[in-house]
Amino acid sequence: MAFRVENVSKKFISKGNIEVLALDHINLNIETGKFVCFVGPSGCGKTTLLRLMEGFETPTEGQIYDDDELVTQPSRERGFIFQDYSLFPWLNVMENVTFGLKIAGKPEEENKQRALAYLEAVGLKDFADKYPHELSGGMKQRVAIIRSVINQSRSLLMDEPFSALDVQTRHSLQKQFIGTWADKKRTTIFVTHDVDEAVFLADEIVVFTRRPGKIKKIYENNLPRPRVRDTQDFRDLVNQITQEIDETDE
Amino acid sequence: MTNITDKTSIIDLFILPVILIIIWYLICDVFMMIPSYMFPGPVEVFNAFVKLLLSGKLFKDIIATLYKVLVGLLLAAIVGITLGLILGWSKRLERISTLIVSILRPIPPIAWIPFSILWFGIGSKPAIFIIFIGCVFPILVSTIDGVHRTKGVLIEAAKSFGASNTQILTEVILPATIPYIVTGLKVGIGIALMCTIAGEMIGSSSGIGYMILTSTNLFDTGSTVVGMLVIGVLGIIFDYIFTKIQERIFW
């Protein structure tokens with residue numbers, strides 16, 4: 001079991017000293033190698049749960065285990081990809097991509113060779129010495145993804161990584177992600193508010209209720225890969241999940 | 001700084017100075033309305049400039065002043081940046097130090113002159129001390145500000161790669177803070193020039209400040225004005241250098 005979320009609640013103190021219950025006694029098991037999407041209305045706590053799983057924050061109640069190890073702080077075994085890319089603006093593409101390897105003390109020359117292979121696979125080799133502000137949003141997110149996958153962590157936690165991109169770029173990155181980076185050994189947890197995206201990517205789709213966030217339902221997504229949006233089964237599943245979310249919205 | 005793009009703007013830049021010099025020339029040198037021991041005319045200033053230049057005295061004094069400014073600034077940068085990173089990083093340490101910094105900061109560096117002479121005697125050291133006092137606070141404050149403004153997601157990203165606290169400080173917070181540090185240095189060097197002149201007028205026997213003071217005592221007001229203009233030109237040069245550095249920092 002890659003992740004075990006046991007009875008996790010998270011309270012925040014908002015402005016004016018008001019307590020907000022973001023997550024309410026969540027229990028969830030995620031198997032190793034699965035691609036799991038968290039979907040739900042905005043403010044349902046799906047991002048909060050992802051941040052707790054990384055260890056950026058600690059639960060108010062309950063525990064989270066990653067491979068039977070209690071999560072207490074962020075770890076290089078859990079790559080994290082942010083919505084706004086969060087590339088280091090003072091480093092060029094090559095330096096960004098090799099950042100994690102450098103932190104881990106790996107030899108520089110090897111890191112560069114590895115990074116070049118990753119960049120070449122997505123056509124970014126010629127951009128190795130460009131800086132983030134010289135790249136488009138789609139390129140930035142590809143660099144950010146490579147920066148995480150190159151570390152070969154056990155799992156990859158992704159917080160609405162494609163939501164800031166236009167539809168074409170988003171679709172092409174979804175395909176690229178599944179085709180190039182998704183790895184059967186690596187567990188991926190992907191937060192999105194886009195049901196279509198979740199159905200395209202995930203093995204399992206976890207639907208959250210509005211605040212306080214609880215898990216409403218978990219869908220197994222057995223649609224054959226590579227997935228095609230233009231099929232009845234695909235649309236049916238999207239509609240079913242969308243309805244489920246709309247109900248929680250009322 | 002003005003962006004000079006074409007001929008007219010170059011002309012614009014010099015219209016006012018040229019007019020002022022002409023008026024000044026008319027008042028002092030043509031109509032002799034002010035005695036030269038009160039204020040020199042442009043001819044006398046020019047003559048003093050040539051004399052100081054040829055004797056090598058001007059060059060020597062500029063070097064003496066620059067030496068003090070740069071050493072003082074360097075010491076202030078080492079202390080200000082290091083402390084700034086630490087205080088910006090640790091909320092607790094910042095709280096502990098905030099009263100001391102708030103009280104020391106508004107004290108004009110010149111108020112430290114008596115102690116600078118008591119502690120360091122005469123020569124370059126008391127002036128360097130005054131410059132240090134003047135520069136260290138702007139550098140410290142903008143470094144702290146820069147640390148505070150470092151984006152949280154960049155620190156979180158580094159943590160997700162397993163970065164230690166030291167690595168976060170050197171690999172993320174320091175580079176993210178560099179634009180703020182440069183701003184602090186730019187403010188600092190302006191203050192440093194002011195402090196140098198004040199410092200040199202008291203405990204020193206070299207530099208532009210010393211030159212201004214001694215020449216005035218000898219009624220050589222031409223040299224006084226040369227000294228003042230040299231300070232202004234040094235200020236422009238430093239400002240230009242730091243503006244160029246700021247332009248190169250794109251994050």
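Would you confirm, using the coordinates I've provided, whether residue A:86 is surrounded by fewer than 16 Cβ atoms within 10 Å (Cβ to Cβ), closer than 25 Å to residue B:154 by Cβ and either of a type in the set (Gly, Ala, Ser) or within 14 Å of another protein chain (Cβ to nearest Cβ) (or both)? Answer is no for this residue.
The residues of region A:128-155 that are part of a helix (DSSP H, G or I) and within 14 Å of another protein chain (Cβ to nearest Cβ), listed by number, are A:132, A:133, A:134, A:140, A:141, A:143, A:144, A:145, A:146, A:147, A:148, A:149.
Would you confirm whether or not region B:190-202 contains a residue that is among the small types (Gly, Ala, Ser), away from chain A (no Cβ under 14 Å) and surrounded by fewer than 22 Cβ atoms within 10 Å (Cβ to Cβ)? Yes, region B:190-202 contains at least one residue that is among the small types (Gly, Ala, Ser), away from chain A (no Cβ under 14 Å) and surrounded by fewer than 22 Cβ atoms within 10 Å (Cβ to Cβ).
Identify, please: which residue in region B:150-172 is part of a loop (DSSP other than H, G, I, E, B) and within 9 Å of chain A (Cβ to nearest Cβ) and is, among those, nearest to residue B:133 (Cα to Cα)? Top of the filtered list is B:151. Taken as a whole, region A:80-94 holds at least one residue that is more than 22 Å from residue A:184 (Cα to Cα), among the hydrophobic types (A, V, I, L, M, F, W, C), at pLDDT 95 or above and in a helix (DSSP H, G or I).
When we screen A:74, A:59 for residues that are closer than 22 Å to residue A:192 by Cα, within 13 Å of another protein chain (Cβ to nearest Cβ), part of a loop (DSSP other than H, G, I, E, B) and modelled with pLDDT of 95 or more, the only hit is A:74. Whenever a residue of region B:209-229 is at positive phi, it has no partner that is among the basic types (Lys, Arg) and surrounded by fewer than 22 Cβ atoms within 10 Å (Cβ to Cβ) lying with C-beta atoms less than 8 angstrom away and at least six residues away or across chains.
Among the residues of region B:40-91, count how many are hydroxyl-bearing (Ser, Thr, Tyr) and within 29 Å of residue B:155 (Cβ to Cβ). Of the residues in region B:40-91, 2 are hydroxyl-bearing (Ser, Thr, Tyr) and within 29 Å of residue B:155 (Cβ to Cβ). One residue stands out among those in region B:147-171 that are closer than 20 Å to residue B:184 by Cα and in contact (Cβ under 8 Å) with a residue 12 or more places away in the chain: the one that is surrounded by the most Cβ atoms within 10 Å (Cβ to Cβ), which is B:147. The test for being modelled with pLDDT of 95 or more and either aromatic (Phe, Trp, Tyr) or exposed (fewer than 15 other Cβ atoms within 10 Å of the Cβ) (or both) holds for residue A:65.
In region A:95-127, the qualifying residues are those that are over 24 Å from the mean Cα position of the chain (by Cα), more than 11 Å from chain B (Cβ to nearest Cβ) and not in a helix (DSSP H, G or I), and the one that is surrounded by the fewest Cβ atoms within 10 Å (Cβ to Cβ) is A:107. Condition check: part of a loop (DSSP other than H, G, I, E, B), of a type in the set (Lys, Arg) and out of contact with any Ser or Thr (no Cβ under 9 Å at 6 or more places or on another chain). Does residue A:211 satisfy that? It is true that residue A:211 is part of a loop (DSSP other than H, G, I, E, B), of a type in the set (Lys, Arg) and out of contact with any Ser or Thr (no Cβ under 9 Å at 6 or more places or on another chain).
The values are calculated or read from the model by the stated rules, or taken from the named source; none is laboratory data. Quick caveat: nothing in here was measured; it's all calculated off a predicted structure. Glycine gets a Cβ as well: all are built from the backbone with ideal geometry, and neighbour counts include every protein chain shown.
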